[in-house]
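One structure below.
The values are calculated or read from the model by the stated rules, or taken from the named source; none is laboratory data. Computed from a predicted structure; not experimentally measured. Please note: Cβ atoms are built from the backbone with ideal geometry, for glycine as well, and neighbour counts cover all protein chains shown.
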Amino acid sequence: MSINGQPEKVENIYLSTLNEILNSIAPQNDLEPSLNSILKILAKDLHFQRAFLAIMDPKSEKLKLSITHSPAKIDHVTYSPGKGVVGRVYETGKAVVIPRMSDNTDFLNKAFGRSDEELRSLSFICVPIKKANPKEEENILGTISVDSPILPMDNLLEHKHFLEVVAALISNQVSRLQEEMALQAQMLSQGPLVGGLEVPPPANFVATSKSIKQVLRQARQVGPSRATALLRGESGTGKELLAEAIHGCSPRRDKPLVKLNCAALPAELVESELFGHQKGAFTGAYQNKRGLFEVANNGTLFLDEIGELSLDAQAKVLRAIQEKEIQRVGSEQPITVDVRLICATHQPLEKLLKEGRFREDLFYRVNVFPIFIPALRERREDILPLAEQFLELFSKEYDKNIKRISSPAIDLFTQYHWPGNVRELKNCIERAVLICEEEVIRTYHLPPTLQTAESTATDTSLSFGEAVAKFEQELLVDSLKKARGNMLQAARDLRVSYRIVNYKVKKYNIDVKKYTGAKKK
Ligand SMILES: Nc1ncnc2c1ncn2[C@@H]1O[C@H](COP(=O)(O)OP(=O)(O)OP(=O)(O)O)[C@@H](O)[C@H]1O
């Protein structure tokens, strides 16, 4: 017998695979990493293209794609009992072998986006994972599935039998993982009450758009638990501010929140920064130093740009989380620490994982509760309230009496694509406040990037005369708005005669009535 034309006896391959699997399920090993390594062993030894576990989530009553040996293309995939191949295997408790995926209409191809070519050249095997000691009716925990190259049916059936043995072997671990899932869901659903108090959202956190409100809701859900939150989003979207919000609604809120931007330090300094060092550990270590894990003891540690950590440092962070123990650089002495971790990244960690630049076991540890913060251009409703908050902040800070932002300037704000997100908006307002000598921020107080046709889709190829006319019109409209359509008042404010205002209103065809009941913006 052979697998994929290999001369080795298939029984020997199965036996050596079992041996490797048994080593992986030692009780002291962590659940997710050990199940993950079992999938890897299966894929490597039996030439499976993919191997994955779907586990029934008791809360949602759906099977969750929980562990895969290769990253899925889609996040948060679920299977309904009875639907598709995985759902059917779960419901019937019977394994299924599909000799060629493309021939089976039940095959949903949900998580991995297999190409047509793959669907034509792969078989699929899915077996149920049953409880070791079923007491209740519900005795199926989930399924284990593999994509295998097409083989003769006899070989596929042998694989199926073997996978049934593996399913029985990992049953206890899957059962424990299912309990952990339930516990986590319960902790999260208890929301802010776990901390004993309803914690209001942070006062300085602007959340007008639906999507950012949802982000804030997730932060308040995860806050009270001990779960590690992984904050994802482009640079400047507010990940650090969100970390503060999470810490602020956790029971640790009176303890320190310690922050480290892993990208800001050279790799060789990150370890001594995180774990501290003993005097003399390296040149320049003149005295003992506590690391941030120690400083954050009983509190929260925020690791920004976690994707930038070296593999060595990643291994140590993993140890600190798993064993709640660290060692200072240059010391053998273990130090116990109790730290809640919040991580952030703007990089796609899945890609780093594939490239071998991020440890898989750490990824599973930190990706317990991912929160995605959308880019500012995807939530334009937040732009104006943010701009107004920053205007107030910087007017106070620079002791200026700037009351508002002109309508054309607001238009530029809302049209611009904000590649630097909220940080860029904040910097832009700070600059405008600094150079503004009036009570209103106008378009010419804004940086040129906001005013180019490229970035705003606004035509800036105006002649001098046209630009002056545009500016005049803008001033006039602003004044009329402020004076609620009272042209006399507008003329006084602009320090010109009523006759001129009247003339310009006609020239620019401005509808004054529009502003009569208008609120001051
Ligand atoms: N929703 C918000 N409300 C008020 N201020 C915000 C909001 N989001 C971001 N900011 C402000 O924008 C600036 C950038 O935010 P922050 O530093 O949290 O972004 P970040 O995603 O951590 O950036 P990076 O990835 O570059 O570290 C900060 O000054 C922050 O206070």
Every residue from the stretch 40-69 that is closer than 17 Å to SER148 by Cβ and without any contact (Cβ under 8 Å) to a residue 40 or more places away in the chain: LYS40, ILE41, LYS44, ASP45, HIS69
Looking at the stretch 408-515, what helices (runs of 4 or more DSSP H) fall wholly within it and have at least 2 residues that are at pLDDT below 85 and among the β-branched types (Val, Ile, Thr)? 464-482
Looking at (1) in contact with an Asp or Glu (Cβ under 9 Å, 6 or more places away or on another chain); (2) aliphatic (A, V, I, L, M); (3) buried (at least 18 other Cβ atoms within 10 Å of the Cβ), which is the only condition LEU393 fails? (3)
Which pairs have Cβ atoms under 7 Å, sit 6 or more apart or on different chains, and link a residue in the stretch 215-243 that is free of Cβ contacts under 8 Å to residues at least 24 places away in the same chain to one that is within 13 Å of the ligand (Cβ to nearest atom) and aliphatic (A, V, I, L, M)? none
Any idea which of (1) in a helix (DSSP H, G or I); (2) surrounded by fewer than 16 Cβ atoms within 10 Å (Cβ to Cβ) is the one LEU353 doesn't satisfy? (2)
Among residues of the stretch 101-113 being assigned to a loop (DSSP other than H, G, I, E, B) and in contact with a Phe, Trp or Tyr (Cβ under 9 Å, 6 or more places away or on another chain), the residue surrounded by the most Cβ atoms within 10 Å (Cβ to Cβ) is ALA111
Within the stretch 77-100, restricting attention to residues that are of a type in the set (A, V, I, L, M) and modelled with pLDDT of 90 or more, which residue is nearest to the chain's Cα centre (by Cα)? VAL86
Checked the stretch 36-58 for anything in a helix (DSSP H, G or I) and not aliphatic (A, V, I, L, M); matches are ASN36, SER37, LYS40, LYS44, ASP45
Which listed residue, of GLY113, GLY195, is farther than 20 Å from ILE25 by Cβ, at pLDDT below 90 and outside the structural domain of ILE21 (by TED's automatic domain parsing): GLY195
Looking at the stretch 233-241, can you tell me whether even one residue there is buried (at least 18 other Cβ atoms within 10 Å of the Cβ) and closer than 19 Å to VAL368 by Cβ? yes
Would you say GLN314 is part of a loop (DSSP other than H, G, I, E, B), out of contact with any strand residue (DSSP E or B) (no Cβ under 8 Å at 6 or more places or on another chain) and within 28 Å of MET181 (Cα to Cα)? no
Working only within the stretch 375-408, note down all residues that are within 18 Å of TYR444 (Cβ to Cβ) and within 11 Å of the ligand (Cβ to nearest atom). ALA387
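Being within 30 Å of GLU323 (Cβ to Cβ) and not charged (D, E, K, R) is true for just one of PRO408, PRO370. Which residue is that? Before the answer, list the steps.
On the way: PRO408 fails: within 30 Å of GLU323 (Cβ to Cβ).
Answer to the check: PRO370.
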Looking at the stretch 393-402, can you tell me whether even one residue there is among the β-branched types (Val, Ile, Thr) and modelled with pLDDT under 95? yes
